[in-house]
1. Where in region 126-236 are the helices (runs of 4 or more DSSP H), entirely inside, with at least 3 residues that are over 25 Å from the mean Cα position of the chain (by Cα) and surrounded by fewer than 23 Cβ atoms within 10 Å (Cβ to Cβ)?
2. Name the pairs whose Cβ atoms lie under 6 Å apart, with the first residue in region 275-293 and part of a helix (DSSP H, G or I), the second open to solvent by 20 Å² or more (accessible area, probe 1.4 Å) and among the acidic types (Asp, Glu), and 6 or more positions between them or separate chains?
3. Restricting the search to region 126-166, which residues are in contact with a Cys (Cβ under 6 Å, 6 or more places away or on another chain) and of a type in the set (A, V, I, L, M)?
4. When both residues are 6+ apart or on different chains and their Cβ atoms are under 9 Å apart, which pairs have a first residue that lies in region 1-25 and is closer than 18 Å to residue 107 by Cβ, and a second that is acidic (Asp, Glu)?
5. Could you grab me the full set of residues in region 301-345 that are among the small types (Gly, Ala, Ser), part of a loop (DSSP other than H, G, I, E, B) and either more than 19 Å from residue 158 (Cβ to Cβ) or in contact (Cβ under 8 Å) with a residue 40 or more places away in the chain (or both)?
6. Where in region 1-87 are there helices (runs of 4 or more DSSP H), lying wholly inside it, with at least 2 residues that are at negative phi and open to solvent by 50 Å² or more (accessible area, probe 1.4 Å)?
7. Yes or no: residue 330 modelled with pLDDT of 95 or more and over 36 Å from the mean Cα position of the chain (by Cα)?
Amino acid sequence: YFQDLLNKSEKALYDAFPSIYGELYTQNMKVFKDLYSELRRYYRGSNINLEEALNEFWTRLLERLFKLLNPQYHITDEYLDCMVKHAEQHKPFGEVPRDLKVKATRAFIAARSYAQGFLVGSDVVKKVSQVSLSHECTRAIMKLMYCPHCRGMSSVKPCNNYCLNVVKGCLANQADLNTEWKYLMDSLVGVADRIDGPYNVDTVIGTIHMRIAEAISNLQENKDSLTAKVFQGCGNPKISTKGSSSEDKKRRGKATLEPKSSAQALEMLVLDAKGNLTALKTYWITLPGSLCSKKVMASSAADDKCWNGMTKGSYLPEVMGDGLANQINNPEVEVDITKPDMTIRQQIMQLKIMTNRLGNANIGNDVDFQDASDDMSGSGSGDSCPDDVCGKRLSKSPSTRQPETHAIPKQSGHGINGASSRSLPSAFLLLLSVAFIATQHLWR
């Protein structure tokens, strides 16, 4: 959605500026293309100082337009350097550059941090899903699922509390993700409120072309007074032999660009995302209960005719707490609480880092993605210019194209989106699913 906003803004600029500004645009196309390219690279995680990129754009645009608005003079590069120094204090583009810098930096910081938060969450899940089961856990699962058949009780379901102790023992390390995972979900919800609220991402990103047009109009209106002040500070340049351009009327065109609001679409996206994030907050500690109720089809806790690991009857041991430290007395799975899984500990640290980045984004502070790469490739196009301008690269129209996600860090995940976020994968889930299918077939 963010990429689509940027694409539409750029396309609107390409469509409208040639007829409005003539040579002012056609001779400076690269300046505009470079700006949108830098904005895309920043959004996708490249190590770019956004404020410096915007300042560079206005400086280059001022140099080019000053020459075109004064074609009767021969203006050298040295003179342009002097012109920029004297012109900046007179605000040649009005308040647009300062206003856009404040609003655009906050909007882009929030947008790219938000997108990266989903990618980091996805990558954490992927890495955690690759953690192998211990030998003790494998034995406990076999006892839970298959021993009733050996005892001639294939129709007896495992006791729910028995199942919970097995699964909590097997997923003890994963449950320790819960605290930092919850913080990440809360942080994403917080940034979502900013995106659809005070940072006004929809309006800011989608109307960049309009702010540029406003700035150019300001420069045209103040051309004479600005030129006089520059000449006073830098001296009069030599008269050029080329003379005035025939495009002067077009250069003085007035921009009449209309905004196309899509705030309702963003509001719906944010509401949907917040709902999914809220549902995911306690995912790691509710996973054992979900597996036992939906996959194992365990009996209720009060059932005295369920498989308790030895025979058909009640299950008396208490249910263990969540996390590694609470498994010291687990009666079903032998867990060494002194040896936490290092892969999961590393992912806990990744969650902490991303939560800190989102906290900075929430107050408008930029963060460096030190592990970002300038040559990242995402799942969509949009790394140079819109499809309608550079030729169609996808068969889908922009209105039906799915939001593009780009690997901002060197992540291998594919993001968490829509309904798929409700059932995150894990190696344990995969292994249990195979066992459950086989067992359910035997129970029939």
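1. On the way: elements: 135-150, 160-170, 172-175, 178-195, 201-206, 208-221, 223-234.
Per the criteria, 135-150, 208-221, 223-234.
2. Sorted first by the residue in region 275-293, then by its partner, the pairs are 285/322.
3. Listed by number, the list holds a single entry, 164.
4. Final answer for the pair search is 1/202; 1/404; 2/404; 3/404; 4/404; 5/202; 7/387; 7/388.
5. Step one: filter region 301-345 for residues among the small types (Gly, Ala, Ser), giving 301-302, 309, 313-314, 321, 323, 325.
Filter once more, keeping what is part of a loop (DSSP other than H, G, I, E, B): 301-302, 309, 314, 321, 323.
Hits for region 301-345 are 301, 309, 314, 321, 323.
6. Working: elements: 2-21, 23-26, 29-43, 50-69.
Here the list reads 2-21, 29-43, 50-69.
7. Numbers: modelled with pLDDT of 95 or more: yes; over 36 Å from the mean Cα position of the chain (by Cα): yes.
Yes: the conditions hold for residue 330.
Residue-by-condition table, conditions (1) open to solvent by 50 Å² or more (accessible area, probe 1.4 Å); (2) on the phi > 0 side of the Ramachandran plot; (3) touching a helix residue (DSSP H, G or I) at 6+ places or on another chain (Cβ under 9 Å):
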position: 295; (1), (2), (3): yes, no, yes
position: 299; (1), (2), (3): no, no, yes
position: 305; (1), (2), (3): yes, no, no
position: 308; (1), (2), (3): no, no, yes
position: 315; (1), (2), (3): no, no, yes
position: 321; (1), (2), (3): no, no, yes
position: 328; (1), (2), (3): yes, no, no
position: 332; (1), (2), (3): no, no, yes
position: 342; (1), (2), (3): yes, no, no
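The values are calculated or read from the model by the stated rules, or taken from the named source; none is laboratory data. Keep in mind it's a predicted model, so treat the numbers as computed, not measured. In this analysis, Cβ positions are derived from the backbone assuming ideal geometry, glycine residues included, and neighbour counts consider all displayed protein chains. In case anyone asks, the SASA skips ligands and DNA or RNA and just uses the protein heavy atoms, side chains included. Shrake-Rupley method; radii C 1.70, N 1.55, O 1.52, S 1.80 Å.
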